[in-house]
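K.L.:
After the structure tokens below, expect a handful of questions from me.
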Amino acid sequence: MIALPHAGGWPSAFRSWWQVLPDDVEFLVAQLPGRGPRISEPPWRRVEPLVEGLSRALAELEPLPYAVIGHSFGSVLAYELTRAMEHKGLPPRLLAVSARQPPSFPSEPPFAHLRSDAELLEHLVGIGGISPELISRSDLVQPSLRAIRADLEAMEKYQRPMLGTAVPIMSLGAEDDPVVIAERLHLWSLETSGAFNRLMFTGGHFYLYAPRNAATIANHLIVGLDGLWAGSSANAVPSPLMTASGSGRNDLGKELA
């Protein structure tokens, strides 16, 4: 299972998932430039180079059946990564997109990536993306703000592709998400010619990381994959750009998750 976190997110954002997946599922989380061990690298501000790097790395590894799940900004990356791997003839079995409106609703001004640091921090605190106690720790917050702002710019400048995917899509969201209009999530069905399903939860914008929700969603993904695998051969996998499950946890990543 390949996971892509929210804007500015570190692999540790998915730490609750490490506890609920069965032992025979390998779980890898994207480690993007500008955070974690790659904190010294400048974050990229466009979706295309991020997806190019991820898809190139995935295609070089031993083929395994897999699903892709993205949360918020990670949903944009997950969708484009799925399309890229499909073009390589190595598509995932299932794509799960969480807490992000479908590409048929592009971002509109005023864009979050253009907000001042103070305004962006206020927004992040408001949606539960950062602890209020961290605001005074500029030594911790500023590096993360750079990655968050870059990811937001990539997401807000992203344009819907001409063609969607044939990979089945599972759309996920929270009824009480202050960022995403829940009624729009079913329109992810327009992005696939394959099967479609939608599951709704509660817990705000970061509901996906709550252990109970993580367990429920992981179970649905595994059950869905089991059904989709029947009579099929294995396709692609894991990536050297990604951090394997259980590998270390970063406190700042934990606070921003």
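K.L.:
If you roll a 1.4 angstrom probe over the protein chains with everything in place, what fraction of the accessible area of the chain belongs to carbon and sulfur, to the nearest %?
P.N.:
53
K.L.:
Under the rule of at least 5 residues apart or a separate chain, name every residue whose amide H is placed under 5 Å from the amide H of ALA96.
P.N.:
VAL68, ILE69, GLY70, MET170
K.L.:
Report the FRET efficiency, 1/(1 + (r/R0)^6), for ARG146 and ASP24, where r is their Cβ-Cβ distance and R0 is 35 Å, rounded to 0.05.
P.N.:
0.40
K.L.:
Report the accessible area of ARG198, computed with a 1.4 Å probe over the heavy atoms of all protein chains in place, in Å² rounded to the nearest 10.
P.N.:
100
K.L.:
So, one more: Please give the per residue accessible area of the chain, computed with a probe of 1.4 Å over protein heavy atoms only, in Å².
P.N.:
Averaged over the residues of the chain, the accessible area is 44 Å².
K.L.:
Using only helices, what value at 222 nm comes out for the chain when you add -39,500 (n - 2.57) per DSSP H run of length 4 or more and divide by the total residues, to the nearest 500 deg cm²/dmol?
P.N.:
-11000 deg cm²/dmol
K.L.:
What order, most packed first, do the peptides 174-187, 209-222 have when packing is the mean number of other Cβ atoms within 10 Å of each residue?
P.N.:
Listed from highest to lowest mean packing, they are 209-222, 174-187.
K.L.:
Please give the charge dipole size of the range 146-204, origin at the Cα centre, charges +1 on K and R Cβ atoms and -1 on D and E Cβ atoms. Round to the nearest 20 debye.
P.N.:
Computed charge dipole of the range 146-204: roughly 220 debye.
K.L.:
Please name whichever of HIS113, PRO43, SER131 sits farthest to the positive end of the charge dipole of the chain, dipole taken about the Cα centre and charges placed at Cβ: Lys and Arg +1, Asp and Glu -1.
P.N.:
PRO43
K.L.:
So, in Å, what gap is there between the alpha-carbon centers of the range 79-106 and the range 1-69?
P.N.:
Using only Cα atoms to place each centre, the spacing works out to 14 Å.
K.L.:
Shifting gears a bit: Scan around PHE201 for amide H atoms under 5 Å from its own, H built in the peptide plane at 1.01 Å from N, and keep only partners 5 or more places away or cross-chain.
P.N.:
GLY173, ALA174, GLU175
K.L.:
Can you run phi through the Karplus equation (6.51, -1.76, 1.60; θ = phi - 60°) for the range 182-191 and list ³J(HN,Hα) in whole Hz, with x for Gly and Pro?
P.N.:
Once rounded to whole Hz, the list reads 4, 5, 7, 5, 5, 6, 4, 4, 6, 8.
K.L.:
Here is a further query. Please compute the modelled spin-label separation between SER138 and THR202, points set 7 Å along Cα→Cβ, answer in nm with one decimal.
P.N.:
A separation of 4.1 nm, rounded to one decimal place.
K.L.:
What FRET efficiency would be calculated for the residue pair ARG46, LEU163, taking the C-beta separation as r and a Förster radius of 25 Å, to the nearest 0.05?
P.N.:
0.80
K.L.:
Roughly what % antiparallel, to the nearest 5, for the DSSP beta bridges in the chain? Numbers along the way, then the final one.
P.N.:
Details: 3 of 24 bridges.
Approximately 10 percent, going by the DSSP bridge assignments.
The values are calculated or read from the model by the stated rules, or taken from the named source; none is laboratory data. Nothing here was measured: the structure is a model prediction, and the numbers come from that model. Cβ sites come from the backbone with ideal geometry, for glycine too, and all protein chains shown count toward neighbours. The accessibility values were calculated without ligands, DNA or RNA, using every heavy atom of the protein model including side chains. Shrake-Rupley method; radii C 1.70, N 1.55, O 1.52, S 1.80 Å.
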